[in-house]
1. Please find, within the stretch A:24-58, the residue that is surrounded by the most Cβ atoms within 10 Å (Cβ to Cβ) out of those that are touching a residue at least 24 places away in the same chain (Cβ under 8 Å) and under 21 Å from A:Gln120 (Cβ atoms).
2. Do any residues in the stretch A:141-156 that are closer than 12 Å to A:Phe89 by Cβ have Cβ atoms under 6 Å from those of residues that are of a type in the set (D, E, K, R), where the two are at least six apart or on different chains, and which pairs are they?
3. From the set of residues in the stretch B:194-209 that are open to solvent by 50 Å² or more (accessible area, probe 1.4 Å) and within 9 Å of another protein chain (Cβ to nearest Cβ), which is nearest to A:Thr128 (Cα to Cα)?
4. Just checking: which of the helices (runs of 4 or more DSSP H) contained wholly in the stretch A:66-161 hold 2 or more residues that are at pLDDT below 85?
2 protein chains.
Amino acid sequence: MNDDRIDTGRSETEQAIMDATLVALAKHGYADLSIKNIGTEFEKSTSLLYYHYENKDELLLAFLDYVIDLFVATIDPCADDPDAELRTFVEHVLPPKHPEDGGDVEPVAPPGMNEPELFQRVIFELRTQTIHDDAYRQKFREMESYMIDTIATLIRREMDAGHYREMNAEVMAENLMAFLFRSLDVRVTGTRPESAHAMRESVYFLLDNVMPPGDAHPGDIATADDDCGV
Amino acid sequence: MNDDRIDTGRSETEQAIMDATLVALAKHGYADLSIKNIGTEFEKSTSLLYYHYENKDELLLAFLDYVIDLFVATIDPCADDPDAELRTFVEHVLPPKHPEDGGDVEPVAPPGMNEPELFQRVIFELRTQTIHDDAYRQKFREMESYMIDTIATLIRREMDAGHYREMNAEVMAENLMAFLFRSLDVRVTGTRPESAHAMRESVYFLLDNVMPPGDAHPGDIATADDDCGV
């Protein structure tokens, strides 16, 4: 196993199946995905896929759980420095500051995936299945609610510590997520890439101008003792 | 022809084909759509479909043009009262204020479509094709750019008239669209309906609290003589 990767508690074989599924999905898209072309990307026998998963649907739901675990691991409600945690999280989704140099923070992507935007595309394509499939809808619902609750918790911790002004943390979390979703959307669909850069400005307007009080003390950080339960 | 419908300049036959396509798409979804099931919803002979369109792809691109024309017709950069125009437009996309009574403004939907959300779902499904299809990407790019430019023009006209405070109209338009897209998305996917209501609050926070200056004169309106070219 590569030490750089986020540990989501999968066995080595499960991890290898997830990797193969990701590559196959990125290559073929959801509509043309089959166990056969997942098998092509899998270094071991295709029969192992059937040993672990009943069929393609079951494998894809397990893959969605994996993708969600990866995404959820990018933000921690109990982080030592909530403001810094929010700033790191938004950089996982926003386009690089300077496209030519790639920016400072790598977008979320498993190692071995040379183009992180492919990973975002895979998530986006899986998400469109929510229209037709209750199981997908439920899993995305849980992920989005977790993300918004976690952002609200981080905001509330900085409010309690006096570093953010008083505000409705849930509404602010919804706004941040709306900007991040729009950024993800236009990057993946390619409809209006300049909107992703506008979203970067909007996110930092909230973080830099709306959220801090006039008399911020940038040196202080909220303590991890604050309630960070989600 | 029904007088209530938005006139997009189609002939009666083209209009009937568009209606049939909409119903077939809503019933079967994009993946399972065929000329055959469009024909089933079409009151005249299926051969007429082939007379007007070479194949399914050509028909669907014509349908996308139709849908875009309908959407574009919901906002006019030269409206007499730009602020009122913006407020009417956002109500086409946001969820009803009181779900139980349906709110004041009907969401955009052609007559004969009992559930306006089906129309939003059809747009959403077509938009996912942008990932794989350049022609779709280009058309959605034009539509989104037109929408954002039009909103920015309406904002600028109210700024020039002294009814909105000085701001970057393009950035504000991008923010409004991000909130509206998120509302559309969660309603169609069903992932987090409560986010659509949060987006309603965010949109009206911008319209009611951020955009007006302290000393607004609600009686005055911007004049149509202002530059409203898009």
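1. A:Leu25
2. A:Leu154/A:Glu85
3. B:Glu194
4. Values: elements: A:82-93, A:116-128, A:134-160.
In the stretch A:66-161, A:116-128 are the helices (runs of 4 or more DSSP H) which contain 2 or more residues that are at pLDDT below 85.
The values are calculated or read from the model by the stated rules, or taken from the named source; none is laboratory data. Being a predicted model, the structure only gives us computed values, none of them experimental. We place every Cβ from the backbone using ideal geometry, glycine too, and count neighbours over all the protein chains shown. Surface accessibility is based on the protein's heavy atoms, side chains included, excluding ligands, DNA and RNA. Shrake-Rupley method; radii C 1.70, N 1.55, O 1.52, S 1.80 Å.
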